[in-house]
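What follows is one structure encoded as structure tokens, with my remarks underneath.
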Amino acid sequence: MPYLRVCFFIIAALPTVIRPPPGELTVNEGDTITIECVAIGVPAALIVWRLNWGKIGDPPRITVTIETTSEESGQPVVVTTHSVLTITNSRKSDEGAYTCEALNTKGSIFAVPDTIVHILREYFHKLARLKIRGRCSKKDKTTE
């Protein structure tokens, strides 16, 4: 009795960051910060965000959205992962280095560069908008 042999090849590869986040962002305190990172992988990459090598804040003020799309151009299927980190009502404590790490079953890779976020305090950006007007005059003093 003839039989059919079926072979499956599972191909996996380390993720690759194809669109890293920007190197630096400067925002005013209270503004919304948006940082994006895009990676490809087989299987799909999971993107993880860190602030100064630690945990980023919690929702609802800080959110991460992830969208994956597959492109079948033969075998294997390449999956693109697009992640957006959003921080609303930014605070001075949000300042620092944000790292995008893409990982899957074959390993992980860090996006280069990290995004260095600078937060300008309310006082300083109000001061920068302030226009000082006036005149200085010298008073003459007469001596007797």
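The values are calculated or read from the model by the stated rules, or taken from the named source; none is laboratory data. Everything numeric in this text was worked out from a predicted model, so none of it was measured. Cβ coordinates were reconstructed from backbone atoms using ideal geometry, including for glycine residues, and neighbour counts include every protein chain displayed.
Descriptive notes on the structure:
- Looking across the stretch 15-60, the residues that are surrounded by 14 or more Cβ atoms within 10 Å (Cβ to Cβ), free of Cβ contacts under 8 Å to residues at least 60 places away in the same chain and charged (D, E, K, R) come down to Asp31, Glu36, Arg50.
- Extreme residue, nearest to Arg19 (Cα to Cα), among residues of the stretch 80-126 that are basic (Lys, Arg) and in contact (Cβ under 8 Å) with a residue 24 or more places away in the chain: Lys106
- Subset tally (residues that are assigned to a strand (DSSP E or B) and under 18 Å from Arg91 (Cα atoms)) for the stretch 14-41: 8
- Test for Ala44: is it modelled with pLDDT of 95 or more and either farther than 28 Å from Glu122 by Cβ or assigned to a strand (DSSP E or B) (or both): no
- Residues that are at pLDDT 95 or above, surrounded by 18 or more Cβ atoms within 10 Å (Cβ to Cβ) and not in a loop (DSSP other than H, G, I, E, B), drawn from the stretch 61-95: Ile62, Thr81, Ser83, Leu85, Ile87, Asp94
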